[in-house]
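Here is the structure we will look at, set down as structure tokens.
The values are calculated or read from the model by the stated rules, or taken from the named source; none is laboratory data. Keep in mind that what you see is a predicted model, and the values were worked out from it rather than measured. Quick reminder, even Gly has a Cβ in these numbers, built from the backbone with ideal geometry, and neighbours come from all protein chains shown. Heads up: the accessible areas ignore ligands, DNA and RNA and are worked out on the full protein's heavy atoms, side chains in. Shrake-Rupley method; radii C 1.70, N 1.55, O 1.52, S 1.80 Å.
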Amino acid sequence: VTLDMAILLIGSTGNGKSCFGNFLINPADDHIWQQPTFATATTNMPETDDVQEALSSIKLPDCDAGDFSFRVIDTPGLNDKDVKVDLRHMIGLIEALQKVELIHACIMVVKFEAKIDAQYVSTVQYYRNLLPSLFERNVIVVMTDYSTDDRSVKIRERKCINTDEVKKNTLKVIVENGCLTYEPMLFLVDSLPYDDEERKLNLKERVTILQYINSLMPVELDSSKVAKTQYIQQSDQKTIKKYEGEITGYNERLQQTQEQYATKLQAIEE
């Protein structure tokens, strides 16, 4: 078995990172449906509360190098309103990244049709700042929840949803918001294929994704420091302003006290 391919999954809460991670690790029905490696949400609340990772391997077609081992690192959404939660997530991420010498790819996971909002952009920008060399060339996009059964296809047709336009617009938003300086490769996946035809199609896409990642030149980690998310930076600025205000008020009161005592001393001397 060759050196692990390290794959980092990023994206906002609810975009299917854990579900896609499970499909990458082991696409067997009993694994993705009944006994997933990464816990997936069964309600409208996020399930991934900490950085998770798992090892797997695959025999890639047209390759004589044997099985390829790969490590999937699943991350929670960042920019939580609880600063302590964000900080714990960031520390967990750094600890997970320190276990690998090289990282092959960062996968931006976003649901098909989902809007890339400010929180998603902020999350991606955080990782870009943390791992700048990785974002120079080793980022791909995977759109999840792309069902290809007859009913889903007909619904998209009735809603006049053009798949190519959705892909194009997604890449456009990613580039225009400064997440990347280039258009990355984009793949469509249903991480929970239901029927045999869907399963065959998505198994093929899984192999294609891993083949593409294996073709990338791995990148050395840039930093082992915990960078701050935008929310924490904003929180820090509010705290700084609060303390600055307290210091200013204290200095003003001190000056007033000094002036009062100076006046009293002058009166005594006279």
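Has the range 96-110 got at least one residue that is part of a helix (DSSP H, G or I) and either of a type in the set (Asp, Glu) or closer than 15 Å to GLY16 by Cβ (or both)? Within the range 96-110 (the criterion being part of a helix (DSSP H, G or I) and either of a type in the set (Asp, Glu) or closer than 15 Å to GLY16 by Cβ (or both)), the answer is no, since none of the residues qualifies. Tell me which residues, restricted to the range 126-146, are part of a helix (DSSP H, G or I), in contact (Cβ under 8 Å) with a residue 60 or more places away in the chain and crowded, with 18+ Cβ neighbours inside 10 Å. Answer for the range 126-146, where residues must be part of a helix (DSSP H, G or I), in contact (Cβ under 8 Å) with a residue 60 or more places away in the chain and crowded, with 18+ Cβ neighbours inside 10 Å: TYR126, TYR127, LEU130, LEU134.
Right, THR170: of a type in the set (Ser, Thr, Tyr), outside any helix (DSSP H, G or I) and either open to solvent by 60 Å² or more (accessible area, probe 1.4 Å) or farther than 24 Å from GLN34 by Cβ (or both) or not? Talk me through it step by step, then tell me what you get.
Details: of a type in the set (Ser, Thr, Tyr): yes; outside any helix (DSSP H, G or I): no; either open to solvent by 60 Å² or more (accessible area, probe 1.4 Å) or farther than 24 Å from GLN34 by Cβ (or both): yes.
Criteria not met by THR170.
Here the condition is being surrounded by fewer than 16 Cβ atoms within 10 Å (Cβ to Cβ), over 18 Å from LEU24 (Cα atoms) and without any contact (Cβ under 8 Å) to a residue 24 or more places away in the chain; of GLU165, GLU95, GLU101, it holds for GLU165 alone. From the list LEU254, LEU188, LEU221, the lone residue that is open to solvent by 60 Å² or more (accessible area, probe 1.4 Å), modelled with pLDDT of 70 or more and either aliphatic (A, V, I, L, M) or closer than 29 Å to HIS31 by Cα (or both) is LEU254.
In the range 148-159, the residues that are within 20 Å of ASP196 (Cα to Cα) reach residues that are open to solvent by 50 Å² or more (accessible area, probe 1.4 Å) and modelled with pLDDT under 95 with C-beta atoms within less than 9 angstrom, at least six apart or across chains, in these pairs: THR148/GLU197; ASP149/TYR194; ASP149/ASP195; ASP149/GLU197. The listed residues are ASP150, ASP145, and the only one of them that is in contact with a strand residue (DSSP E or B) (Cβ under 6 Å, 6 or more places away or on another chain) and more than 14 Å from ILE213 (Cα to Cα) turns out to be ASP145.
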